[in-house]
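The values are calculated or read from the model by the stated rules, or taken from the named source; none is laboratory data. Predicted model, so just to flag it, every value in this text is computed and none were measured. Positions of Cβ are backbone-derived with ideal geometry, glycine not excepted, and every protein chain shown enters the neighbour counts. Quick note on the areas: whole protein, heavy atoms, side chains included, nothing else; ligands and nucleic acids left out. Shrake-Rupley method; radii C 1.70, N 1.55, O 1.52, S 1.80 Å.
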Amino acid sequence: MSARIFRLDEYNIDIFAINECVTLLKKGGLAIFPTETVYGIGANAFDEKAVLSLYEKKQRPLSKPLLMHVSGLEMAESVGILDDTARELIKRFTPGPLTLVVKKKPNVPSVAVAGGDTVGLRFPSNKIFLALSNSFSAPIAATSANISGFKSVSSASELDNVTSAADIILDGGECEYGLESTIVSLVNEKPEILRYGSFSKETLEEVLGL
C-alpha cells in the first residue's frame, strides 16, 4: 500500500491533512514530514511497536537511537531531564536546528533510545511540523527520511527510496537549510558538540564557552 501524500503550504496549512496525520500516528503508523533542516520519518514515541516498525522499514540498526521531535519546552520536559543550561538553550535558540542530548525520563521506551539512558531532543521550526506536533500533543520519535546508508533529503521530490516505508507524507516543498541539526550533549559536566550542522558553530561555541 502506497503512502497518502498531502502537499502543504507552510504559510497556509491544511488542517485536514494535519488531522489525518495525527490520526495515523495514534494508530501506530509512520509519517514523513518536513523540518527546517531535512525531511524526517517518525512514529509515536510511546508506541514501541510503531518505533520498531520505523527501525525495520528504514533499515536502521537498533543500536542507533532516534530523536524525540517536540514542539517546545513543556513537551521536552515530558521525556527529558532538563537542567538550567538545557532550559536556557531551549528558550534562546529553539525552535530551530539544534538538538540537545540529556538524560531521559523512565517513560521513554528503551527501543527508541537504543537501550541507553539519554534522549536527543529536537525542536524543528518548520510550521508544518509545529502544527503536527501541537495537534498530536506528544513527542514524535524520528530520524531523517531516507533508507539507512543513503543521504538525507531536503525536498519531498527526493523521497523516492523511502516512500514505501511511510503511511502518510506531508510534502512541504524544500527545507530551509538542507543540512541536519547540530547536536549538543549536556549529559556530562561540560557540554560537548557531537555533530555540527545547520546551527551557527560560532554562536554555539560562544554560548557554551568552548
(message) For the stretch 154-174, check the following and say yes or no: at least one residue is open to solvent by less than 30 Å² (accessible area, probe 1.4 Å), within 20 Å of Leu73 (Cβ to Cβ), in contact with a strand residue (DSSP E or B) (Cβ under 6 Å, 6 or more places away or on another chain) and not in a loop (DSSP other than H, G, I, E, B).
(response) no
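Among residues belonging to the stretch 83-99 that are in a helix (DSSP H, G or I) and β-branched (Val, Ile, Thr), point out the one that is farthest from Phe199 (Cα to Cα).
Initially, the stretch 83-99 is screened for residues in a helix (DSSP H, G or I), giving 84-93.
Adding the requirement that they be β-branched (Val, Ile, Thr) leaves 85, 90.
Working: Thr85: 17, Ile90: 13 Å.
That would be Thr85.
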(message) Suppose the filter is outside any loop (DSSP other than H, G, I, E, B), β-branched (Val, Ile, Thr) and either buried (at least 24 other Cβ atoms within 10 Å of the Cβ) or out of contact with any Phe, Trp or Tyr (no Cβ under 9 Å at 6 or more places or on another chain) (or both); does Val102 pass it?
(response) yes
(request) May I ask you to list the residues in the stretch 91-118 that are over 21 Å from Pro65 (Cα atoms) and among the hydrophobic types (A, V, I, L, M, F, W, C)? (result) Phe93
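How many residues, within the stretch 103-121, are in contact (Cβ under 8 Å) with a residue 60 or more places away in the chain and closer than 30 Å to Glu174 by Cα? Don't jump to the end; show me each part of the working.
Pass one, the stretch 103-121, residues in contact (Cβ under 8 Å) with a residue 60 or more places away in the chain: 103, 107-109, 111-112, 118, 120.
Checking the rest, the ones that are also closer than 30 Å to Glu174 by Cα come to 112, 120.
Result for the stretch 103-121: 2.
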(message) For Ala142, only one of the following conditions fails: (1) open to solvent by 10 Å² or more (accessible area, probe 1.4 Å); (2) at pLDDT 95 or above; (3) not β-branched (Val, Ile, Thr). What is its number?
(response) (1)
(request) Assess whether Asp117 counts as being open to solvent by 10 Å² or more (accessible area, probe 1.4 Å) and more than 21 Å from Glu48 (Cβ to Cβ). (result) no
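Can you name every residue in the stretch 65-82 that is in a loop (DSSP other than H, G, I, E, B) and open to solvent by 40 Å² or more (accessible area, probe 1.4 Å)?
Pro65, Ser78
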(message) So in the stretch 120-139, with the set limited to residues that are closer than 22 Å to Val102 by Cα and of a type in the set (Ser, Thr, Tyr), which one is most open to solvent (accessible area, probe 1.4 Å)?
(response) Ser137
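Among the residues of the stretch 19-38 satisfying the criterion of being of a type in the set (D, E, K, R) and in a helix (DSSP H, G or I), which is least open to solvent (accessible area, probe 1.4 Å)?
First, pick out the residues of the stretch 19-38 that are of a type in the set (D, E, K, R): 20, 26-27, 36.
Filter again for in a helix (DSSP H, G or I), leaving 20, 26.
Values: Glu20: 53, Lys26: 129 Å².
It comes out as Glu20.
Identify all residues within the stretch 178-194 that are over 15 Å from the mean Cα position of the chain (by Cα) and either touching a residue at least 40 places away in the same chain (Cβ under 8 Å) or surrounded by 15 or more Cβ atoms within 10 Å (Cβ to Cβ) (or both); write none if there are none.
Of the residues in the stretch 178-194, the ones over 15 Å from the mean Cα position of the chain (by Cα) are 185-194.
Across the stretch 178-194, the qualifying residues are Ser185, Leu186, Val187, Pro191, Ile193, Leu194.
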(message) One residue is enough: does the stretch 39-61 have a residue meeting the conditions open to solvent by 40 Å² or more (accessible area, probe 1.4 Å), within 16 Å of Leu130 (Cβ to Cβ) and within 13 Å of the chain's Cα centre (by Cα)?
(response) no
(request) Any chance you could count how many residues in the stretch 179-200 are over 30 Å from Lys27 (Cα atoms), among the small types (Gly, Ala, Ser) and in a loop (DSSP other than H, G, I, E, B)? (result) 3
